[in-house]
Structures are given as structure tokens and as C-alpha cells.
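Beneath this line is the structure, given in C-alpha cells, with notes to follow.
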Amino acid sequence: MIGSDDRMTSFAPISGLVGGALIGLAAVFLMLTIGRIAGVSGIVLNAMTPSDAAGRSWRLAFMVGLPLGALLVTVAGLKDWSGVSFPASLPMTVVAGFIVGVGSTVGSGCTSGHGICGLARFSPRSVVATATFIIAAAATVCVIRHLV
Amino acid sequence: MPIIFSLLAGIIFGAGLTVSDMVNPARILNFLDIAGDWDPTLIFVMAGGLAVTVFGYRLIFLRGAPLIGGKFDLPTKRQIDLPLVGGAALFGVGWGLAGICPGPALADLKTLEPKVLLFIAAMLVGMIVAKAWRDRLSATRALRSNF
């Protein structure tokens with residue numbers, strides 16, 4: 001169990017907007033250069049699919065880029081990781097990972113694919129998916145933090 | 001060349017997740033916790049991302065084709081069906097349990113936190129299981145329609 005301090009995060013609209021714009025820039029860049037949607041779950045899933053060996057290398061490169069970007073921001077002195085915490089227990093984290101894997105595969109996307117790329121194209125499927133997963137996630141947190 | 005482009009895109013994406021603190025599960029959970037000490041930062045992250053993509057995509061699509069690869073690879077499904085809604089609901093439950101989704105999970109590899117490694121391992125298993133199940137389902141359906 002974690003202390004209440006671990007849970008505290010202060011509202012950060014500016015770094016949120018800037019970071020969000022960077023995420024958007026990455027999505028736009030990937031579309032402009034190789035014509036692909038920057039949906040992380042789809043990229044991970046298809047990187048594992050043997051039937052698409054040709055498309056594996058760019059996907060793996062994108063996946064490697066994610067922690068590299070995090071590292072770069074840290075090296076540049078722009079990130080303090082002391083406030084980052086993982087409140088869920090280890091077993092709960094494993095269960096969560098499995099459910100996220102199943103859900104994003106069955107639902108054809110995650111926060112990036114539906115929530116950014118899909119919404120940006122005004123895809124009705126992505127609007128429905130994004131609303132659904134935010135409501136389901138909020139309900140889950142409500143149950144865990146306030147009812148159990 | 002596609003590898004260089006996608007590596008760059010991944011780096012910018014990971015930098016964005018880090019700057020916006022979406023790599024912090026506590027912040028995600030505080031956004032989802034409407035009844036608690038609500039942290040609306042995630043809305044600003046989405047707003048920043050959409051501000052760039054809505055206009056950026058529009059401009060790019062005017063070109064008719066990406067720089068390499070010949071055509072834009074866009075989802076073709078239009079139907080709002082049970083797998084979409086059920087899958088998204090399931091995804092939301094998993095997201096709410098730990099405050100981690102696929103992009104931040106990979107960016108969080110930087111921390112070498114054991115929970116991150118286990119989350120990713122479990123996520124990969126979940127994806128493989130779901131894909132196998134989906135493939136089998138569509139194979140059965142194709143078989144049925146042949147008779």
C-alpha cells in the first residue's frame with residue numbers, strides 16, 4: 001500500500017499542453033513521412049504479428065523511441081521523476097496489463113490510436129471508444145478508491 | 001528510411017509523454033478519480049495533442065500521399081460494433097486499475113521499474129491471446145459462410 005503522498009499530483013496545464021503538442025507532433029510526423037497512425041497498441045500488436053515481417057522494423061523502431069524520448073527529456077534536465085509513482089500493487093499491475101492488452105486488441109486501439117489519432121480524424125468509432133474507455137476507467141478508479 | 005522516421009516519431013512521442021507527465025500513473029489515476037482530488041491535466045494533454053493533429057492531419061491529407069510508402073494507411077472499419085465498445089470498456093478497466101496504458105508503459109521502461117516490465121509482459125500476453133481468439137472467431141465465421 002502506498003502513502004497518500006504518493007498519490008499527490010498538482011494540476012499542470014502548461015506542461016500538459018506542451019507535452020500533448022509534442023505527442024501530436026509525433027503523430028503528424030509519422031503520418032507525413034510513412035503514412036501511419038501513431039497508435040501504440042496497434043504498433044505493438046503488429047510488431048509481434050509474424051504475417052507482417054516487412055512492417056516489423058519501423059514498428060520496433062517507434063517502440064524503442066518511446067523510452068529514448070523519456071531518457072532524452074531527463075538528460076536535458078527537463079524531468080523530475082521523484083513525483084512519478086506506481087500506486088497499484090504488483091499483482092494488480094499484472095492483471096491490468098493483461099486486460100489492457102486484450103481490450104486494446106479487441107477494441108482496435110488505445111489512448112493514442114483512438115484518443116488522439118482517431119479523434120483528430122473525427123472517426124465516430126474513435127469517439128465512441130474514447131468515451132467508453134474513459135468512463136470505464138473512471139468507474140474502475142471510483143470503485144477501487146471509494147467503494148472497496 | 002522508414003525506420004529513421006518512425007524512430008524519430010517515437011522519440012518525440014516519448015518526450016511528449018514525459019513532459020506532460022503521462023508517464024506518471026498517479027497522475028492518470030488522479031485524473032480518473034473524479035470524486036477525489038481531481039487532476040484535470042490529462043484534458044490539457046489531449047487538447048494539445050488534438051490541436052496539432054486536427055490541423056496537421058488535414059494539411060498532410062491535402063498532399064494525397066505520405067513522403068514514402070505511396071499511400072496513407074488509415075483504418076477502414078466504420079461500424080460501431082460490440083468488439084469496439086466491449087474492447088474499449090475492457091481497456092478502460094485495465095487502465096483504471098493501474099493508471100498505465102501502452103504508450104506510457106513503453107516510455108516508463110526508462111525507469112526500469114519492475115512493475116513496468118511486468119505490465120508490458122502481461123500486456124503482450126493479453127494481445128496475443130486476444131488476437132488468437134479473434135483470428136479463430138473470424139476463421140469459424142468464414143468457414144460457416146462457405147456452407
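Every number in this text was worked out from the coordinates using simple rules, so none of it is lab data. Since we're looking at a predicted model, the values are computed, not measured. Cβ placement follows ideal geometry from the backbone for every residue including glycine, while neighbour counts extend to all protein chains displayed.
Take the Cα radius of gyration of segment B:64-134 and divide it by 2.2 N^0.38 Å, N being the number of residues; the result is 1.43. Here the translational diffusion coefficient of chain A follows from Stokes-Einstein with Rh set to the Kirkwood radius across Cα pairs; for 37 °C and 0.692 mPa s it amounts to 187 µm²/s.
Scoring A:65-77, A:28-40 by mean Cβ neighbours within 10 Å over their residues and listing the highest first yields A:28-40, A:65-77. The protein assembly as shown has equivalent-ellipsoid semi-axes of 28, 24, 18 Å, by the square roots of 5 times the alpha carbon gyration tensor eigenvalues, sorted largest first. Taken residue by residue and averaged, Cβ atoms of other chains lying within 10 Å of the Cβ of A:112-119 number 6.
Across peptide A:72-84, the mean count of Cβ atoms from other chains lying within 10 Å of each residue's own Cβ comes to 4. Does anyone have the angle between helix A:13-34 and the longest principal axis of chain A? Alpha-carbon axes, 0 to 90°, nearest 10? With rounding to tens, the tilt is 20 degrees.
With the helix formula -39500 (n - 2.57) applied to DSSP H stretches of n ≥ 4, the protein assembly as shown reaches a computed 222 nm mean residue ellipticity of -22000 deg cm²/dmol. Within 10 Å of the Cβ of each residue in B:56-67, the mean number of Cβ atoms contributed by other protein chains is 4. Taking the C-alpha atoms only, the angle from helix A:90-106 to the longest principal axis of chain A is near 40 degrees. Put simply, segment B:1-105 fits an ellipsoid with semi-axes of 29, 19, 14 Å; these come from the alpha carbon gyration tensor as the roots of five times its eigenvalues, largest first. Cross-link partners of residue B:110 among lysines, defined as those whose alpha carbon lies under 27 angstrom from its own and excluding same-chain residues fewer than eight positions apart: A:79. Once you have a ≥ b ≥ c as the square roots of the Cα gyration tensor eigenvalues for segment A:66-148, tell me rounded if a/c is under 1.5, and otherwise prolate or oblate according to whether a/b is larger than b/c. Judged from the Cα gyration tensor, segment A:66-148 comes out oblate (a/c at least 1.5, b/c at or above a/b). Helices in chain B that qualify as membrane-span-like (whole DSSP H runs, Cα extent of at least 27 Å along the helix axis, mean Kyte-Doolittle hydropathy of -0.5 or higher) are B:41-63, B:114-146.
A straight Cα-to-Cα reach below 29 Å connects residue B:71 with the lysines B:131, residues fewer than 8 places away in its own chain not being considered. Out of B:28, B:43, B:80, any idea which swings most in a Gaussian network model of chain B, alpha carbons joined below 10 Å? Between B:28, B:43, B:80, it is B:80 that shows the largest mean-square fluctuation.
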